[in-house]
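Everything below concerns the one structure shown next.
The values are calculated or read from the model by the stated rules, or taken from the named source; none is laboratory data. The shown structure was predicted, so the numbers you read here are calculated from the model rather than taken from an experiment. Methodologically, a virtual Cβ is constructed for each residue, glycine included, from the backbone with ideal geometry; neighbour enumeration extends over all protein chains shown. With ligands, DNA and RNA removed, areas are computed over all heavy atoms of the protein, side chains included. Shrake-Rupley method; radii C 1.70, N 1.55, O 1.52, S 1.80 Å.
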Amino acid sequence: MRVLVTGGAGYIGSHTCKALVAAGHIPIVFDNFSTGHRSLVQFGKAIYGDIGDVTALRRAIRDAEPDAVIHFAASAYVGESMTQPRQYYRNNITGTLNLLDAITEAGISKLVFSSSCATYGIPKTVPIKETERQLPINPYGESKLVCEQMMRSIVAAENLNCIALRYFNASGADPDGQIGELHDPETHVIPLLLMALAGHREKFTIMGDDYPTPDGTCIRDYLHVTDLADGHVKALDKLTASAGFEAFNLGTGDGKSVQDLVTAAQTVTGRQLNAHRSERRPGDPPALVADSSKAMEQLGWTPEHSSIENIIDSAWKWMHQKNNPFFSFSGY
(Lines give C-alpha, C1' and ligand atoms only; values in the text may rest on other atoms or scores of the structure.)
Protein backbone atom coordinates (compact mmCIF):
# COMPACT_ATOMS: atom_id res chain seq x y z
CA MET A 1 0.00 0.00 0.00
CA ARG A 2 0.92 3.63 -0.46
CA VAL A 3 0.71 5.18 3.01
CA LEU A 4 0.65 8.89 3.84
CA VAL A 5 2.42 9.32 7.19
CA THR A 6 1.62 12.67 8.82
CA GLY A 7 4.39 13.65 11.20
CA GLY A 8 6.63 11.05 9.55
CA ALA A 9 9.77 13.11 10.20
CA GLY A 10 9.35 12.68 13.94
CA TYR A 11 10.72 10.08 16.31
CA ILE A 12 7.97 7.46 16.11
CA GLY A 13 6.91 8.39 12.59
CA SER A 14 10.37 7.85 11.13
CA HIS A 15 10.72 4.43 12.74
CA THR A 16 7.29 3.51 11.42
CA CYS A 17 8.31 4.54 7.91
CA LYS A 18 11.25 2.13 8.16
CA ALA A 19 8.91 -0.64 9.33
CA LEU A 20 6.50 0.11 6.47
CA VAL A 21 9.26 -0.25 3.89
CA ALA A 22 10.39 -3.52 5.47
CA ALA A 23 6.80 -4.78 5.17
CA GLY A 24 6.61 -3.89 1.47
CA HIS A 25 4.59 -0.67 1.78
CA ILE A 26 5.44 2.74 0.34
CA PRO A 27 5.46 5.58 2.92
CA ILE A 28 5.06 9.22 1.93
CA VAL A 29 5.89 11.66 4.74
CA PHE A 30 3.76 14.78 5.30
CA ASP A 31 5.45 17.06 7.82
CA ASN A 32 6.06 20.75 8.54
CA PHE A 33 9.42 19.96 10.21
CA SER A 34 8.61 22.13 13.22
CA THR A 35 9.59 19.32 15.57
CA GLY A 36 10.47 16.58 13.08
CA HIS A 37 13.80 16.43 11.25
CA ARG A 38 14.67 16.06 7.60
CA SER A 39 17.60 13.85 8.62
CA LEU A 40 15.10 11.26 9.89
CA VAL A 41 13.27 11.04 6.55
CA GLN A 42 15.24 8.14 5.12
CA PHE A 43 12.41 5.84 4.08
CA GLY A 44 10.18 7.32 1.41
CA LYS A 45 9.84 10.83 0.01
CA ALA A 46 8.68 13.86 1.98
CA ILE A 47 6.00 16.44 1.25
CA TYR A 48 6.24 19.69 3.20
CA GLY A 49 2.97 20.80 4.75
CA ASP A 50 1.01 21.48 7.91
CA ILE A 51 -2.13 19.65 9.04
CA GLY A 52 -3.51 23.07 9.95
CA ASP A 53 -3.59 23.85 6.21
CA VAL A 54 -6.51 22.02 4.58
CA THR A 55 -5.41 23.07 1.10
CA ALA A 56 -1.92 21.62 1.64
CA LEU A 57 -3.44 18.40 2.96
CA ARG A 58 -5.71 18.00 -0.04
CA ARG A 59 -2.82 18.70 -2.41
CA ALA A 60 -0.59 16.17 -0.64
CA ILE A 61 -3.28 13.51 -0.82
CA ARG A 62 -3.87 14.24 -4.49
CA ASP A 63 -0.14 14.00 -5.26
CA ALA A 64 0.62 10.99 -3.05
CA GLU A 65 -2.49 8.99 -3.98
CA PRO A 66 -2.35 7.00 -0.72
CA ASP A 67 -4.34 3.88 0.02
CA ALA A 68 -4.18 4.57 3.75
CA VAL A 69 -3.02 7.17 6.29
CA ILE A 70 -1.07 6.86 9.54
CA HIS A 71 -1.56 10.02 11.59
CA PHE A 72 1.23 11.08 13.98
CA ALA A 73 1.31 14.85 13.46
CA ALA A 74 0.52 16.49 16.81
CA SER A 75 1.91 18.40 19.75
CA ALA A 76 2.95 15.71 22.19
CA TYR A 77 4.39 16.90 25.52
CA VAL A 78 2.33 16.51 28.69
CA GLY A 79 4.18 19.25 30.57
CA GLU A 80 3.97 21.73 27.69
CA SER A 81 0.27 21.03 27.30
CA MET A 82 -0.29 22.25 30.87
CA THR A 83 1.20 25.66 30.04
CA GLN A 84 0.11 25.97 26.38
CA PRO A 85 -3.29 24.25 26.19
CA ARG A 86 -4.59 26.27 23.25
CA GLN A 87 -1.70 25.03 21.11
CA TYR A 88 -2.67 21.45 21.89
CA TYR A 89 -6.36 21.91 21.18
CA ARG A 90 -5.58 23.75 17.95
CA ASN A 91 -2.85 21.46 16.59
CA ASN A 92 -4.22 18.14 17.73
CA ILE A 93 -7.99 18.54 17.47
CA THR A 94 -8.37 21.01 14.61
CA GLY A 95 -5.49 19.43 12.70
CA THR A 96 -7.04 15.98 13.02
CA LEU A 97 -10.45 17.25 11.91
CA ASN A 98 -8.76 18.80 8.86
CA LEU A 99 -7.21 15.44 8.08
CA LEU A 100 -10.51 13.61 8.51
CA ASP A 101 -12.16 16.08 6.14
CA ALA A 102 -9.43 15.63 3.54
CA ILE A 103 -9.29 11.84 3.57
CA THR A 104 -13.05 11.32 3.54
CA GLU A 105 -13.38 13.76 0.64
CA ALA A 106 -10.70 11.76 -1.20
CA GLY A 107 -12.43 8.47 -0.50
CA ILE A 108 -9.64 7.08 1.70
CA SER A 109 -11.16 4.67 4.19
CA LYS A 110 -8.14 3.39 6.13
CA LEU A 111 -6.67 5.37 9.03
CA VAL A 112 -4.30 4.42 11.87
CA PHE A 113 -4.31 7.08 14.59
CA SER A 114 -1.51 7.73 17.06
CA SER A 115 -3.40 8.06 20.33
CA SER A 116 -2.02 7.85 23.87
CA CYS A 117 -2.33 6.26 27.28
CA ALA A 118 -2.73 9.86 28.48
CA THR A 119 -6.41 9.53 27.57
CA TYR A 120 -6.90 7.33 30.64
CA GLY A 121 -5.77 9.90 33.20
CA ILE A 122 -5.38 8.23 36.60
CA PRO A 123 -6.66 4.69 36.03
CA LYS A 124 -8.68 2.75 38.57
CA THR A 125 -6.94 -0.48 37.65
CA VAL A 126 -3.35 -1.20 36.56
CA PRO A 127 -2.46 -2.78 34.13
CA ILE A 128 -4.87 -0.73 32.02
CA LYS A 129 -7.32 -2.37 29.63
CA GLU A 130 -8.94 -0.58 26.69
CA THR A 131 -12.22 -0.69 28.61
CA GLU A 132 -10.80 1.53 31.38
CA ARG A 133 -12.66 4.84 31.70
CA GLN A 134 -10.97 7.71 29.86
CA LEU A 135 -10.65 10.75 32.13
CA PRO A 136 -7.48 12.59 31.07
CA ILE A 137 -5.84 14.99 33.53
CA ASN A 138 -3.88 17.14 31.06
CA PRO A 139 -4.68 18.94 27.80
CA TYR A 140 -2.54 16.54 25.77
CA GLY A 141 -4.63 13.56 26.88
CA GLU A 142 -7.83 15.57 26.46
CA SER A 143 -6.93 16.46 22.87
CA LYS A 144 -6.21 12.83 21.97
CA LEU A 145 -9.49 11.71 23.53
CA VAL A 146 -11.47 14.28 21.54
CA CYS A 147 -9.79 13.00 18.37
CA GLU A 148 -10.86 9.46 19.21
CA GLN A 149 -14.40 10.68 19.86
CA MET A 150 -14.48 12.46 16.49
CA MET A 151 -13.39 9.28 14.75
CA ARG A 152 -16.03 7.21 16.53
CA SER A 153 -18.69 9.63 15.30
CA ILE A 154 -17.41 9.90 11.75
CA VAL A 155 -17.04 6.15 11.17
CA ALA A 156 -20.71 5.80 12.09
CA ALA A 157 -21.68 8.30 9.41
CA GLU A 158 -19.13 7.67 6.66
CA ASN A 159 -17.07 4.85 5.18
CA LEU A 160 -14.04 5.17 7.46
CA ASN A 161 -12.20 2.32 9.15
CA CYS A 162 -9.95 3.57 11.95
CA ILE A 163 -7.66 1.98 14.52
CA ALA A 164 -6.44 4.12 17.40
CA LEU A 165 -3.26 2.94 19.10
CA ARG A 166 -3.03 4.05 22.72
CA TYR A 167 0.62 3.54 23.36
CA PHE A 168 2.65 4.06 26.43
CA ASN A 169 6.23 5.42 26.71
CA ALA A 170 8.06 5.16 23.39
CA SER A 171 11.79 4.76 23.96
CA GLY A 172 15.02 3.39 22.53
CA ALA A 173 16.41 3.72 19.02
CA ASP A 174 16.62 1.83 15.75
CA PRO A 175 18.79 -1.28 16.27
CA ASP A 176 20.62 -0.53 13.00
CA GLY A 177 21.53 2.94 14.22
CA GLN A 178 20.00 4.72 11.23
CA ILE A 179 17.52 6.83 13.20
CA GLY A 180 16.70 7.55 16.82
CA GLU A 181 15.23 9.97 19.33
CA LEU A 182 15.91 13.58 18.40
CA HIS A 183 14.03 16.34 20.22
CA ASP A 184 14.88 20.00 20.73
CA PRO A 185 14.58 20.61 23.59
CA GLU A 186 14.69 17.08 24.97
CA THR A 187 12.11 16.33 27.63
CA HIS A 188 11.93 12.51 27.62
CA VAL A 189 13.29 10.78 30.67
CA ILE A 190 15.63 8.17 29.14
CA PRO A 191 17.54 10.59 26.84
CA LEU A 192 17.83 13.09 29.71
CA LEU A 193 19.17 10.37 31.97
CA LEU A 194 21.70 9.19 29.39
CA MET A 195 22.77 12.73 28.58
CA ALA A 196 23.59 13.23 32.26
CA LEU A 197 25.53 9.96 32.36
CA ALA A 198 27.46 11.04 29.26
CA GLY A 199 28.35 14.37 30.86
CA HIS A 200 26.30 16.44 28.43
CA ARG A 201 23.97 17.63 31.18
CA GLU A 202 24.97 18.87 34.59
CA LYS A 203 22.44 16.70 36.41
CA PHE A 204 19.46 14.41 36.11
CA THR A 205 16.35 15.32 38.05
CA ILE A 206 13.77 12.85 39.32
CA MET A 207 10.49 14.74 39.27
CA GLY A 208 8.61 13.56 42.33
CA ASP A 209 9.62 10.98 44.94
CA ASP A 210 6.37 10.88 46.91
CA TYR A 211 4.13 8.94 44.52
CA PRO A 212 2.19 5.97 45.95
CA THR A 213 4.65 3.50 44.35
CA PRO A 214 7.22 1.13 45.93
CA ASP A 215 10.12 3.59 45.66
CA GLY A 216 8.11 6.83 45.50
CA THR A 217 8.94 7.60 41.84
CA CYS A 218 6.37 7.35 39.08
CA ILE A 219 6.00 4.14 37.08
CA ARG A 220 5.68 3.93 33.32
CA ASP A 221 5.53 1.22 30.66
CA TYR A 222 8.55 1.73 28.38
CA LEU A 223 8.09 0.33 24.88
CA HIS A 224 10.89 0.11 22.33
CA VAL A 225 10.14 2.34 19.36
CA THR A 226 10.81 -0.56 16.96
CA ASP A 227 8.06 -2.58 18.62
CA LEU A 228 5.80 0.46 18.49
CA ALA A 229 6.47 0.92 14.78
CA ASP A 230 5.66 -2.74 14.21
CA GLY A 231 2.35 -2.19 16.00
CA HIS A 232 1.40 0.47 13.45
CA VAL A 233 2.18 -1.87 10.55
CA LYS A 234 0.15 -4.65 12.20
CA ALA A 235 -2.75 -2.21 12.67
CA LEU A 236 -2.54 -1.15 9.03
CA ASP A 237 -2.71 -4.78 7.94
CA LYS A 238 -5.76 -5.27 10.18
CA LEU A 239 -7.76 -2.51 8.51
CA THR A 240 -10.37 -3.58 5.97
CA ALA A 241 -12.71 -1.70 3.68
CA SER A 242 -15.56 -1.96 6.19
CA ALA A 243 -16.29 1.02 8.44
CA GLY A 244 -15.57 0.93 12.15
CA PHE A 245 -13.45 2.19 15.04
CA GLU A 246 -11.22 0.08 17.29
CA ALA A 247 -8.67 0.99 19.97
CA PHE A 248 -5.66 -1.02 21.09
CA ASN A 249 -3.13 -0.50 23.86
CA LEU A 250 0.53 -0.97 22.98
CA GLY A 251 2.85 -1.59 25.92
CA THR A 252 4.84 -4.32 27.64
CA GLY A 253 2.78 -4.75 30.80
CA ASP A 254 6.00 -4.39 32.82
CA GLY A 255 6.14 -1.02 34.56
CA LYS A 256 9.44 0.54 35.55
CA SER A 257 9.91 3.39 38.01
CA VAL A 258 12.22 6.32 37.35
CA GLN A 259 14.53 4.91 40.01
CA ASP A 260 14.51 1.59 38.11
CA LEU A 261 15.64 3.50 35.01
CA VAL A 262 18.51 5.09 36.90
CA THR A 263 19.68 1.71 38.19
CA ALA A 264 19.42 0.03 34.78
CA ALA A 265 21.16 2.91 32.97
CA GLN A 266 24.08 2.79 35.40
CA THR A 267 24.41 -0.96 34.81
CA VAL A 268 24.23 -0.70 31.00
CA THR A 269 26.64 2.24 30.70
CA GLY A 270 28.98 1.32 33.55
CA ARG A 271 28.74 4.89 34.85
CA GLN A 272 27.47 6.33 38.09
CA LEU A 273 24.94 9.13 38.42
CA ASN A 274 24.08 11.51 41.20
CA ALA A 275 20.34 11.94 40.68
CA HIS A 276 18.63 15.01 42.12
CA ARG A 277 15.00 15.08 43.23
CA SER A 278 12.38 17.76 42.78
CA GLU A 279 8.63 18.21 43.11
CA ARG A 280 6.19 16.34 40.90
CA ARG A 281 5.53 17.61 37.40
CA PRO A 282 1.90 18.75 37.00
CA GLY A 283 -0.27 16.34 35.02
CA ASP A 284 1.66 13.14 35.78
CA PRO A 285 -0.27 10.10 37.09
CA PRO A 286 1.58 7.82 39.55
CA ALA A 287 1.51 4.70 37.33
CA LEU A 288 0.63 3.89 33.73
CA VAL A 289 1.11 0.28 32.65
CA ALA A 290 -0.59 -1.40 29.69
CA ASP A 291 -2.60 -4.53 29.33
CA SER A 292 -1.84 -5.22 25.65
CA SER A 293 -3.44 -8.66 25.42
CA LYS A 294 -6.02 -7.37 22.93
CA ALA A 295 -3.30 -6.22 20.49
CA MET A 296 -1.44 -9.48 20.93
CA GLU A 297 -4.54 -11.55 20.24
CA GLN A 298 -6.19 -9.50 17.48
CA LEU A 299 -3.22 -7.85 15.76
CA GLY A 300 -0.68 -10.62 16.26
CA TRP A 301 1.66 -8.09 17.85
CA THR A 302 4.40 -8.87 20.38
CA PRO A 303 6.93 -6.45 21.94
CA GLU A 304 10.18 -8.26 21.14
CA HIS A 305 12.75 -5.51 21.73
CA SER A 306 11.41 -3.87 24.88
CA SER A 307 13.51 -5.08 27.79
CA ILE A 308 14.61 -1.98 29.66
CA GLU A 309 18.25 -2.98 29.16
CA ASN A 310 17.81 -3.21 25.37
CA ILE A 311 15.96 0.10 25.29
CA ILE A 312 18.74 1.87 27.18
CA ASP A 313 21.52 0.15 25.24
CA SER A 314 20.03 1.10 21.85
CA ALA A 315 19.48 4.71 22.96
CA TRP A 316 23.04 4.92 24.33
CA LYS A 317 24.54 3.59 21.09
CA TRP A 318 22.44 6.00 19.00
CA MET A 319 23.66 8.93 21.07
CA HIS A 320 27.30 8.01 20.54
CA GLN A 321 27.37 7.38 16.82
CA LYS A 322 29.79 9.37 14.72
CA ASN A 323 28.26 12.61 13.42
CA ASN A 324 25.06 12.02 15.34
CA PRO A 325 23.19 15.34 15.56
CA PHE A 326 21.84 14.44 19.00
CA PHE A 327 24.19 16.74 20.90
CA SER A 328 24.30 19.57 18.36
CA PHE A 329 21.18 21.31 19.66
CA SER A 330 21.48 24.32 21.90
CA GLY A 331 21.22 23.63 25.60
CA TYR A 332 22.80 20.16 25.54
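Take residues that are closer than 30 Å to Ser293 by Cβ and tell me which of the helices (runs of 4 or more DSSP H) falling wholly in the stretch 64-149 contain 1 or more.
Here the list reads 78-83, 95-105.
Is the stretch 208-224 home to any residue that is among the hydrophobic types (A, V, I, L, M, F, W, C), in contact with a Ser or Thr (Cβ under 7 Å, 6 or more places away or on another chain) and either open to solvent by 50 Å² or more (accessible area, probe 1.4 Å) or in a helix (DSSP H, G or I) (or both)?
No, every residue in the stretch 208-224 fails to be among the hydrophobic types (A, V, I, L, M, F, W, C), in contact with a Ser or Thr (Cβ under 7 Å, 6 or more places away or on another chain) and either open to solvent by 50 Å² or more (accessible area, probe 1.4 Å) or in a helix (DSSP H, G or I) (or both).
Is the stretch 41-50 home to any residue that is buried (at least 24 other Cβ atoms within 10 Å of the Cβ) and either of a type in the set (A, V, I, L, M) or at pLDDT 95 or above (or both)?
No, the stretch 41-50 contains no residue that is buried (at least 24 other Cβ atoms within 10 Å of the Cβ) and either of a type in the set (A, V, I, L, M) or at pLDDT 95 or above (or both).
Across the stretch 157-204, which residue is farthest from Thr226 (Cα to Cα) among those that are of a type outside the set (Asp, Glu) and free of Cβ contacts under 8 Å to residues at least 40 places away in the same chain?
Across the stretch 157-204, the extreme among qualifying residues is Ala157.
Could you count how many residues in the stretch 163-186 are farther than 26 Å from Ile128 by Cβ and not hydrophobic (A, V, I, L, M, F, W, C)?
Within the stretch 163-186, residues that are farther than 26 Å from Ile128 by Cβ and not hydrophobic (A, V, I, L, M, F, W, C) number 9.
Out of (1) in contact with a Leu (Cβ under 8 Å, 6 or more places away or on another chain); (2) under 28 Å from Arg281 (Cβ atoms), what's the single condition that is false for His188?
(1)
Limited to the stretch 287-332, what total is found for residues that are open to solvent by 50 Å² or more (accessible area, probe 1.4 Å), modelled with pLDDT of 85 or more and outside any loop (DSSP other than H, G, I, E, B)?
Result for the stretch 287-332: 6.
Quick one: Lys144 ticks every box in (1) touching a Phe, Trp or Tyr at 6+ places or on another chain (Cβ under 8 Å); (2) closer than 23 Å to Ser75 by Cα bar one, so which box is it?
With (1) touching a Phe, Trp or Tyr at 6+ places or on another chain (Cβ under 8 Å); (2) closer than 23 Å to Ser75 by Cα applied to Lys144, the lone miss is (1).
Do we find that Ser75 is in contact (Cβ under 8 Å) with a residue 60 or more places away in the chain and among the polar types (S, T, N, Q) in this structure?
So Ser75 passes the test.
How many residues are in contact with a strand residue (DSSP E or B) (Cβ under 7 Å, 6 or more places away or on another chain), buried (at least 23 other Cβ atoms within 10 Å of the Cβ) and either among the hydrophobic types (A, V, I, L, M, F, W, C) or over 16 Å from Leu99 (Cβ atoms) (or both) if we restrict to the stretch 13-24?
Going through the stretch 13-24 one residue at a time, the tally reaches 3.
Do you know which of the residues in the stretch 133-159 that are of a type in the set (D, E, K, R) and open to solvent by less than 20 Å² (accessible area, probe 1.4 Å) is farthest from Ile311 (Cα to Cα)?
It comes out as Glu148.
Regarding Gly244, is this residue at pLDDT 95 or above, on the phi > 0 side of the Ramachandran plot and of a type outside the set (A, V, I, L, M, F, W, C)?
Numbers: at pLDDT 95 or above: no; on the phi > 0 side of the Ramachandran plot: yes; of a type outside the set (A, V, I, L, M, F, W, C): yes.
When the stated conditions are applied, Gly244 does not pass them.
Determine whether the stretch 160-172 contains at least one residue that is in a loop (DSSP other than H, G, I, E, B) and surrounded by fewer than 17 Cβ atoms within 10 Å (Cβ to Cβ). Steps first, answer last, please.
To start, the set of residues in the stretch 160-172 that are in a loop (DSSP other than H, G, I, E, B) comprises 160, 168, 172.
From what is left, the residues that are surrounded by fewer than 17 Cβ atoms within 10 Å (Cβ to Cβ) are none.
No.
Does the stretch 1-59 hold any residues that are assigned to a loop (DSSP other than H, G, I, E, B), within 21 Å of Leu165 (Cβ to Cβ) and of a type outside the set (A, V, I, L, M, F, W, C), and which are they? Before the answer, list the steps.
The initial filter retains those residues of the stretch 1-59 that are assigned to a loop (DSSP other than H, G, I, E, B), namely 1, 7-10, 23-25, 32-37, 41-45, 49-53.
With within 21 Å of Leu165 (Cβ to Cβ) added as a condition, the list becomes 1, 7-10, 23-25, 35-36, 43-44, 51.
Gly7, Gly8, Gly10, Gly24, His25, Thr35, Gly36, Gly44 - these are the residues of the stretch 1-59 that are assigned to a loop (DSSP other than H, G, I, E, B), within 21 Å of Leu165 (Cβ to Cβ) and of a type outside the set (A, V, I, L, M, F, W, C).
Considering each residue of the stretch 225-250, count those that are within 18 Å of Ala315 (Cβ to Cβ) and open to solvent by less than 20 Å² (accessible area, probe 1.4 Å), and give that number.
Counting residues in the stretch 225-250 that are within 18 Å of Ala315 (Cβ to Cβ) and open to solvent by less than 20 Å² (accessible area, probe 1.4 Å) gives 4.
State which residue is most open to solvent (accessible area, probe 1.4 Å) when the search covers only the stretch 185-207 and only residues that are touching a strand residue (DSSP E or B) at 6+ places or on another chain (Cβ under 7 Å) and not hydrophobic (A, V, I, L, M, F, W, C).
Among those residues, the one meeting the criterion is Lys203.
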